[in-house]
Every structure is written in structure tokens, then in C-alpha cells.
1. Can we say Arg232 is modelled with pLDDT of 95 or more, charged (D, E, K, R) and either over 20 Å from the mean Cα position of the chain (by Cα) or crowded, with 21+ Cβ neighbours inside 10 Å (or both)?
2. Any idea which residue in the range 568-582 is surrounded by the most Cβ atoms within 10 Å (Cβ to Cβ), counting only those that are closer than 13 Å to Ile80 by Cα and over 23 Å from the mean Cα position of the chain (by Cα)?
3. If you check Ile734, Ile767, Ile710, which single one turns out to be under 26 Å from Gly639 (Cα atoms) and either surrounded by fewer than 19 Cβ atoms within 10 Å (Cβ to Cβ) or of a type in the set (Gly, Ala, Ser) (or both)?
4. Could you check, for the range 578-596, whether at least one of its residues is modelled with pLDDT of 95 or more, acidic (Asp, Glu), under 26 Å from Gly525 (Cβ atoms) and touching a helix residue (DSSP H, G or I) at 6+ places or on another chain (Cβ under 7 Å)?
5. Can you spot a residue in the range 167-174 that is surrounded by 22 or more Cβ atoms within 10 Å (Cβ to Cβ), part of a strand (DSSP E or B) and not β-branched (Val, Ile, Thr)?
6. Any residue in the range 522-547 that's touching a residue at least 12 places away in the same chain (Cβ under 8 Å): show its pairings with residues that are of a type in the set (Asp, Glu) and not in a strand (DSSP E or B) at Cβ separation under 7 Å, as long as the two are six or more apart or on different chains.
7. Would you check which residues across the range 263-301 are buried (at least 17 other Cβ atoms within 10 Å of the Cβ) and in a strand (DSSP E or B) and list them?
Amino acid sequence: MAHITSRKHPAARALPSRLSQTTAALALMAAPVAVLAQQADKAETLPAVKVKAAVQNDYKADKSSSPKFTQPLVDTPQTITVIKKEILLQQGATTLTEALQNTPGITFQMGENGNTQTGDSIFMRGFDTQQSIFVDGIRDIGTISRDVFNLEQIEVVKGPAGADIGRGSPTGYVNLSTKLPTLDSFANSSVTVGSGDKKRLTVDVNETLPTLGDGAAVRLNLMKEDSGKARRDWVKNDRWAFAPSLALGLNSPTRAYLYYLHVEQDNRPDGGISTFGRSGYITNVDAPPVSERNYYGSLDDFNRVKADMFTARFEHDLKPGVTLRNVSRFGRTEQNYVLTGVNSVFINGQQPEAGASSSDPSTWKVGRTRQGKDQENQILTNQTNLSAEFATGAIKHSLTSGIEFMHEKQTNVILAADYSSFGQTPCRSSATSQALCGSLYNPNPNDTFAPVLPNGQRTSGATTTAAVYAFDTLKLSDSFHLTGGLRFEKYKTTSDNVVEGPTAGTLAPQSLSKAGNLVTWKAGGLWKPASNGSVYLAYATAQKPPGSDSFALNASATNINSPNLDPAEAKSIELGTKWELLDNRLALTAALFKSEVKNDVVDTDAITGAPFQAGDKTVKGLELGAAGMLTSAWQINTGIAFLDTEINTTTRANAATQQGSSLAWSPKVSFTSWTTYKLPLGVTVGAGARYQRSVVRNSNNNISTNLPSIPSYWVFDAMASYEVTKNVSLQLNIYNLADKDYIQSMNNGGSRYVLGAPRQATLTANIKF
């Protein structure tokens with residue numbers, strides 16, 4: 001389409017001949033109209049026509065980026081929360097963990113007693129979701145912290161989703177949607193400084209490339225951050241990344257996207273703060289909590305990450321309503337770290353709960369364990385999807401189907417602390433104790449620490465899958481829809497390890513494998529009482545075979561990763577409603593759900609000793625949400641989740657300690673909200689609130705040591721921005737206004753925790769070129 005431009009003053013040069021001819025023709029056509037206008041009554045004038053530009057809706061999303069969801073979100077029978085990049089920019093969120101604070105029902109865990117997590121350790125509706133993170137519909141494996149600089153939006157899909165993704169968490173997954181080129185030309189940059197010596201720069205540039213065709217464009221996203229951590233001495237986060245992408249054929253029947261992501265991190269990790277002395281800590285010693293600034297690690301601790309991901313996506317519209325897509329990806333993530341974890345407290349060589357006491361806290365010690373990881377993850381995949389709109393008689397279909405091939409591999413060189421060459425006295429006199437002593441209240445990062453070295457053991461596992469799937473939405477009428485989805489997946493997991501031999505100090509090879517078929521499905525019925533709303537009932541399943549998370553099968557018959565065991569199974573039913581109000585600017589959602597997981601625990605028969613899978617884990621709840629615009633100036637994103645979890649272990653030997661208990665890391669109530677209001681003169685103000693009710697760290701009913709649960713907390717944030725010019729704005733964010741002292745995450749044993757962000761501030765300059 002030709003564009004009409006105007007000038008305040010006529011151009012000095014002559015117009016091109018074709019444009020001159022067009023102008024003359026328009027003048028001749030307008031002459032009769034001019035004559036009629038002069039004869040008309042001058043008192044009769046037409047009212048002025050005012051054109052009002054549509055206000056951008058920064059919070060409400062209409063569709064998922066996945067082609068497996070054929071309908072708008074309002075007509076999709078499942079709870080899906082979409083967090084758009086505009087919210088992340090307003091909040092100053094930089095990591096996936098920070099971004100996921102915008103949806104309720106998600107908590108974060110620090111790791112097992114012997115392993116401190118260094119990445120996005122996500123629990124959603126009671127189950128570990130760390131290995132169910134996807135980028136553009138493809139699994140993203142690795143235990144790293146992900147940055148959001150190259151994300152268009154984050155989609156949190158809740159409930160069993162085996163038909164969508166194959167093996168995975170029984171309560172959902174997280175999909176990260178990448179920024180890709182468009183036919184707009186822009187250049188945006190943000191520069192941030194703040195508390196904790198934070199320094200961050202991001203750049204987002206998009207340009208069309210006419211030399212490669214009308215639909216060609218290129219985009220480049222850059223990120224560099226060099227920051228500390230507020231009130232955490234010695235901790236640092238140093239990372240940089242770049243993400244170039246090329247698009248061809250935009251707005252044409254055939255489109256191609258080629259994009260790459262490279263990330264490097266060189267951090268000093270945080271092994272946590274001792275929970276000793278905090279309110280709720282169970283001990284017979286009266287002691288104050290340790291300082292939140294205490295760093296128990298070594299200055300030689302490190303966490304180095306290098307990640308590369310290349311994706312090629314091709315789309316072709318075979319005809320109107322029929323699109324064929326093919327995606328290929330190769331990804332590799334390398335992580336190498338050494339950190340120091342915090343464990344039990346010792347007084348005169350004994351733990352306080354054992355009756356130890358002392359009147360001189362300066363002599364109290366804390367055990368510190370050296371941990372390490374040398375891990376590489378690789379993924380190679382090809383996915384083909386066909387989407388089609390058609391009708392069979394009076395029934396309209398929205399069909400999407402496809403095939404997926406995927407090979408995932410993980411190699412782990414086992415690292416262990418070499419205590420044999422370390423001369424410091426252990427925390428207690430036991431010859432088997434390997435906890436390095438450090439001062440509880442005055443730790444020294446310059447202490448001599450035991451080196452962490454390869455011990456000769458390793459694990460090398462791979463999972464190869466081939467899957468076929470199909471989803472269909474049948475519109476029986478404008479008011480009644482039926483949806484269904486089915487996935488058949490064939491998988492094989494192999495594990496070639498070097499493990500400790502039958503005698504101490506020896507090594508032995510170990511090869512294990514597990515193969516099988518997974519069939520998962522979902523179905524739903526949806527009624528539209530009005531064009532802007534829906535009521536639905538849906539059912540879905542999921543399966544998770546042994547070795548799904550770590551690709552490391554285990555020879556122990558009672559280990560959940562034993563190849564002799566069946567996949568864990570999940571099923572869920574959900575009754576919900578979705579509405580778009582205020583001229584479709586505001587989305588409201590409500591869902592009642594119940595999920596049940598079986599075969600998730602292993603026990604042995606008291607008589608025969610044979611292993612068996614038993615125990616049910618149930619999650620019931622209600623989730624409410626709202627996202628969008630209340631007025632043209634007022635936007636809101638909010639949600640609240642109520643969870644009721646229970647373990648049924650009547651067939652297990654430890655039923656007395658777990659029967660009827662709640663799932664760990666599952667708060668009964670969690671709430672999140674963020675809102676902004678645009679004032680005159682280019683000023684925008686915003687505020688946020690988060691609440692989490694007390695959450696237990698362990699499903700044992702008889703926890704009597706350390707900190708049994710994370711206490712409840714409220715956190716409030718605020719933001720204000722000012723448009724200095726049309727191209728420059730300044731944004732001030734203040735986090736944790738009340739300076740609430742709270743625990744963000746904790747380990748299963750309750751000995752260490754991650755401090756929730758204290759009161760701090762950042763100042764950002766957002767620049768448009």
C-alpha cells in the first residue's frame with residue numbers, strides 16, 4: 001500500500017513524473033466536488049473526525065506462541081499464565097526466577113542436603129519443574145540461571161501436559177518465547193545501576209533488510225551484567241550474552257527464522273546462610289541469628305556457564321488456514337562450579353540438638369561442605385507440525401498434528417572434596433566426619449578450603465525419543481467446543497557410568513538402559529455463554545519414566561530411577577472459566593483443579609524385600625487471575641492460588657511419619673500482584689505485592705530439628721518512571737519497601753537458606769534510537 005506523506009513547506013525539488021501525473025488526476029477528480037462545496041450553505045459544516053490510537057495492552061496476551069494451542073487463551077480449556085516482556089521491563093526483572101514471581105503457585109527450592117542448586121529450581125503445584133523448562137516449545141535442559149533479556153513472553157502452563165511436551169513434571173511446564181525479527185525498525189537500550197553494585201546493559205535492535213527481499217529483517221539482542229548481591233558480601237554475578245536472528249519472507253506464504261543464542265557466566269555462587277537462630281529454628285540453645293551478610297564460602301568458589309543454542313524454523317502456508325512448520329535445534333550447555341554449602345552447627349564438637357551447650361558463641365562452629373559440578377548437556381531435535389482449519393459438515397475443526405525426534409545427552413564428571421590432604425580439624429571428633437569447620441558468627445572467606453577434584457567417577461546418560469501427536473478443537477456450534485489431544489512417544493534411556501567399585505577406592509563400569517512407550521492424552525469440553533467468555537471442564541494425563549531428570553539410571557532397586565520401575569503417572573481434572581471484559585482489554589480466569597500422582601515413591605516388601613511403587617500424592621486447589629487494562633491508563637496483573645496437598649502412604653513402612661502430610665514447597669496460599677498507572681506529563685507509577693503462606697520443607701510429620709518450614713511473608717515493591725523526551729525515560733524501582741526479612745528458598749534439610757531480596761533500589765535509563 002502506498003503511503004501519503006505531507007510537508008509543512010513544499011519540497012524544493014521537482015516531483016517524479018509518475019507522482020505528478022497522479023496528483024493532476026486527483027485534482028481533476030476533485031474539481032467538481034470543489035464547485036459543489038462552494039455552492040453549499042457555509043453554516044453547515046461537518047463535525048471534526050478524531051482518530052484515537054489504540055492503547056497498547058502490556059499485560060494481557062491473547063494467544064500462546066505454541067502451535068499446539070489452536071485457540072485464543074479465552075477459549076483454551078487449561079490454566080495458562082502469560083508474562084509479557086513489558087511487565088519484566090517495568091519490574092526490572094532480569095532472571096527467570098524473578099519473572100516467575102508474577103504467577104502464584106510457584107516456589108523455589110535450594111537443593112538437597114548434598115547439592116546446592118545454582119539455577120532455576122522451580123516447584124509448581126507441589127512438584128519439581130526444573131527439568132520442564134522449554135524454549136519455543138523445545139526442552140531446555142541444564143541447571144543454570146536463565147536471563148530474560150531475549151524473551152518476548154513467558155508462558156506458564158499448569159496441570160499435567162504429557163500430550164504437549166512428553167515426559168515431564170506432573171503439574172505443568174514453563175515455555176520461554178524468544179524475541180524474533182519483525183518488519184518494524186527500532187533500537188532500544190536500557191542501562192541500569194543499583195544496590196549491590198548492580199550494573200546492567202541491554203540492547204535490542206531490529207532492522208529490515210530490503211536487499212534480501214521485502215519480508216527480510218534482522219534483530220540483535222545484547223546483554224552485559226556485572227553485579228553483586230545486596231547485603232551478601234562477596235557474592236557476584238558476571239554474565240554476558242548475544243542473540244542475533246534473521247527472518248525471511250515475513251508477511252509471505254513462506255517464512256524462515258534463523259536464530260542463535262550465546263550466554264557466558266562467571267559468577268561467585270552463594271552457598272547460603274545458616275538458618276541457626278532464626279525464628280522457628282528448633283534447638284535447646286538460646287542464640288541470635290547469624291548476620292545476613294555472612295558468607296561461608298571461599299573466594300575461590302566459582303560458577304562458570306557457557307551455553308549455545310542454534311535454531312532454524314521454517315513455515316509455509318500451503319493454503320489459507322493450512323500451515324506446515326519445521327523446527328531444528330542444536331543446543332549445548334556447559335557448567336562448571338565449586339561452591340561451599342552450609343550444614344550443621346557444632347558446639348564443643350556436638351550438635352545443639354544433641355544437648356551441646358556453651359556460653360561463648362564466638363567458639364561455635366558450622367560445618368561447610370565443598371561441592372562441585374562439571375556437567376555438559378546437549379540436545380538435538382527436529383519437529384514438524386501441520387496446522388489446519390477445515391470443516392466436516394457443520395463441524396469446524398482446528399487441527400494441529402506433528403512428529404518430533406529428539407536426542408538429549410548429559411555428561412557429568414563427578415567432583416569431590418579431597419579432605420585427605422586437608423589439615424584442618426573436622427567439626428567433631430568422629431573420624432568419618434568430613435565437614436570443614438568455620439566460625440558460625442564470623443566466617444572467613446580466606447580460610448584454607450579442601451580442593452574439589454575429579455574422583456574418577458562419572459555419569460553419561462542419553463534419552464532418545466520419537467513422538468507423534470495430534471490435537472483437534474471441534475466447534476460444534478458457536479457456543480460448544482470439544483477439544484482432544486493424544487501423544488504417543490517411544491523413548492530409550494541409556495546410562496553408561498563409572499561408579500565406586502565393590503571395595504573402597506576402586507572403580508567399576510556400569511551400564512543400564514530403559515526403553516518403553518508413553519501414551520498421554522487430554523480432553524475438554526467448553527461452553528461459551530457469550531462471545532467474550534467460556535466455561536470448561538478438562539482432563540489430562542502425564543507420565544515420567546525413570547531417568548527423566550538426570551539421564552542417570554540407578555542400579556538400586558529402591559531408587560526412583562531404577563530401570564526396573566514403571567513411569568510415574570499423573571492425572572488432573574480442571575473446571576474453569578475465562579472472560580474478556582472492558583472491550584476485551586481485561587482477562588479474568590478462575591479454575592478449580594485436582595491432580596493426582598501415582599508410582600512416585602518406592603518401598604520394599606517387609607517379608608520378601610522386593611521393591612514396589614506405592615503412595616499417592618494429591619494436589620487440590622483454586623486459582624484466580626486477572627490481567628489487562630482497567631482503564632486506558634491503569635493496567636494490572638494479579639493472581640492468587642489456594643493449594644491443599646496430601647500424601648497417602650498407607651502401604652509404606654514409613655506411613656506413620658508421612659501419612660496425611662503435605663507436599664514440601666507447597667504453600668496453601670500464594671498471591672502476586674503488579675499494577676501501573678499513567679499520570680499526565682509522562683509520569684507512570686507502579687506497585688506490587690507478593691504473599692506466601694508458611695510452607696513446609698519436608699513431608700515428614702515429625703520434623704524436630706532445624707527450621708521445619710519457611711515462615712509466611714508479605715513483600716511490597718514500587719516503581720516510578722518519567723519520560724524525559726520521547727526517546728528517553730528514567731525508571732526508579734524500589735524493592736521490598738518495608739525491608740522485610742524473609743526466606744526466598746531453603747534446602748530440604750533446613751540448614752541453609754537464600755535471603756529474600758532486602759530493600760534496594762535500581763535506576764534505569766531506557767533509550768530509544
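1. Values: modelled with pLDDT of 95 or more: no; charged (D, E, K, R): yes; either over 20 Å from the mean Cα position of the chain (by Cα) or crowded, with 21+ Cβ neighbours inside 10 Å (or both): yes.
Against the criterion (modelled with pLDDT of 95 or more, charged (D, E, K, R) and either over 20 Å from the mean Cα position of the chain (by Cα) or crowded, with 21+ Cβ neighbours inside 10 Å (or both)), Arg232 does not qualify.
2. Keep residues of the range 568-582 that are closer than 13 Å to Ile80 by Cα, which gives 574, 576-578.
If we keep only those that are over 23 Å from the mean Cα position of the chain (by Cα) as well, we get 576-578.
Numbers: Gly576: 22, Thr577: 17, Lys578: 26.
Residue satisfying both the conditions and the ranking: Lys578.
3. On the way: Ile767 fails: under 26 Å from Gly639 (Cα atoms); Ile710 fails: either surrounded by fewer than 19 Cβ atoms within 10 Å (Cβ to Cβ) or of a type in the set (Gly, Ala, Ser) (or both).
From the options Ile734, Ile767, Ile710, the qualifying one is Ile734.
4. Yes, the range 578-596 contains a residue that is modelled with pLDDT of 95 or more, acidic (Asp, Glu), under 26 Å from Gly525 (Cβ atoms) and touching a helix residue (DSSP H, G or I) at 6+ places or on another chain (Cβ under 7 Å).
5. yes
6. Leu526/Asp75; Lys528/Asp478; Ser534/Asp75
7. Val263, Gln265, Asn267, Arg268, Ile273, Ser274
For (1) assigned to a strand (DSSP E or B); (2) over 27 Å from Ala416 (Cβ atoms), each residue gets a yes or a no:
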site: His481; (1), (2): yes, yes
site: Arg487; (1), (2): yes, yes
site: Tyr491; (1), (2): yes, yes
site: Leu512; (1), (2): yes, no
site: Pro529; (1), (2): yes, yes
site: Asn564; (1), (2): no, yes
site: Lys571; (1), (2): yes, yes
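The values are calculated or read from the model by the stated rules, or taken from the named source; none is laboratory data. Please read all numbers here as calculations on a predicted model, not as lab measurements. Using ideal geometry, Cβ is built from the backbone for each residue, glycine included, and neighbour counts are taken over all protein chains shown.
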